[in-house]
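The structure under discussion appears below in the form of structure tokens.
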Amino acid sequence: MGGEMWGIRIAVVLLSVGQAPICTFQVQNNITSMPDLNISQVKGPWYFISLAMNEKLSDLEREDVNMSLIVLYPFTNGSVNLQTAITSSDEVCIEVNTTYTKGNKSGQYRSNDGSPCYFHVVDTDYENYGIIYIGNSENKDDFQVKLYGRTKVVTDEGLKKFQEVTKSLGILRENVIMLHRLAACS
């Protein structure tokens with residue numbers, strides 16, 4: 001595994017439990033944040049449904065990324081707390097709470113751990129799907145896109161928009177993973 005991919009491999013593991021560190025907002029690959037995002041409408045449960053990456057994961061790595069349940073709790077200052085619950089491969093429920101600070105632009109969020117990773121909300125209809133872009137400010141070729149749904153099965157509209165975003169980024173079809181529908185922790 002190349003040195004430049006080490007960071008993205010670690011990010012995949014962190015993202016599978018919804019806890020990727022977020023720190024900068026250098027928009028890359030011509031992807032923009034959703035204008036006028038209303039974070040209070042994003043409140044509540046979301047399932048992590050699909051992952052698209054600029055590089056293909058091995059079959060073993062693909063098996064390690066599972067559907068997770070994320071509950072978003074927005075604060076009045078625009079920050080958001082993510083309560084993440086995922087069932088590990090050995091069927092242990094892992095739960096983590098993390099608060100992310102609102103960035104300078106709509107739909108952008110960060111933590112203060114110094115990591116080169118950041119994310120922004122690309123699109124959501126608030127009721128059915130949400131699409132986020134996760135990037136690396138030190139390496140614009142190190143990125144991924146995630147699809148979320150309010151249920152374990154995303155709407156056709158959400159899937160179509162996710163496919164449009166991944167295609168616009170040049171992500172190959174074999175680099176898109178539909179996640180295993182494991183029972184979410186409760």
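The values are calculated or read from the model by the stated rules, or taken from the named source; none is laboratory data. Owing to the predicted nature of the structure, the values given are computational and were not obtained by experimental measurement. Counting neighbours? That spans all protein chains shown, and the Cβs are built from the backbone with ideal geometry, glycine included.
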Can residue 106 be described as more than 18 Å from residue 51 (Cα to Cα), part of a loop (DSSP other than H, G, I, E, B) and at pLDDT below 85? yes
Residues satisfying the stated conditions in region 72-98, i.e. surrounded by 13 or more Cβ atoms within 10 Å (Cβ to Cβ), modelled with pLDDT under 80 and of a type in the set (Ser, Thr, Tyr): 87, 88, 98
Assess whether residue 112 counts as being outside any helix (DSSP H, G or I), in contact with a strand residue (DSSP E or B) (Cβ under 8 Å, 6 or more places away or on another chain) and at pLDDT below 95. yes
When residue 156 is evaluated against the numbered criteria (1) at pLDDT 85 or above; (2) touching a Cys at 6+ places or on another chain (Cβ under 9 Å), which criterion, by number, is the only one it fails? (2)
Contacts under 6 angstrom Cβ, first residue in region 41-52 being touching a residue at least 12 places away in the same chain (Cβ under 8 Å) and closer than 11 Å to residue 176 by Cα, partner surrounded by 18 or more Cβ atoms within 10 Å (Cβ to Cβ) and hydroxyl-bearing (Ser, Thr, Tyr), 6 or more apart: 52/166
Could you pull out the residue among 69, 60 that is out of contact with any Asp or Glu (no Cβ under 8 Å at 6 or more places or on another chain) and buried (at least 19 other Cβ atoms within 10 Å of the Cβ)? 69
I need the strands (runs of 3 or more DSSP E) fully contained in region 119-186, keeping only those with at least 2 residues that are of a type in the set (Val, Ile, Thr) and over 26 Å from residue 36 (Cα atoms). 176-178
So residue 61 ticks every box in (1) within 30 Å of residue 106 (Cβ to Cβ); (2) over 16 Å from the mean Cα position of the chain (by Cα) but one. Which box is left unticked? (1)
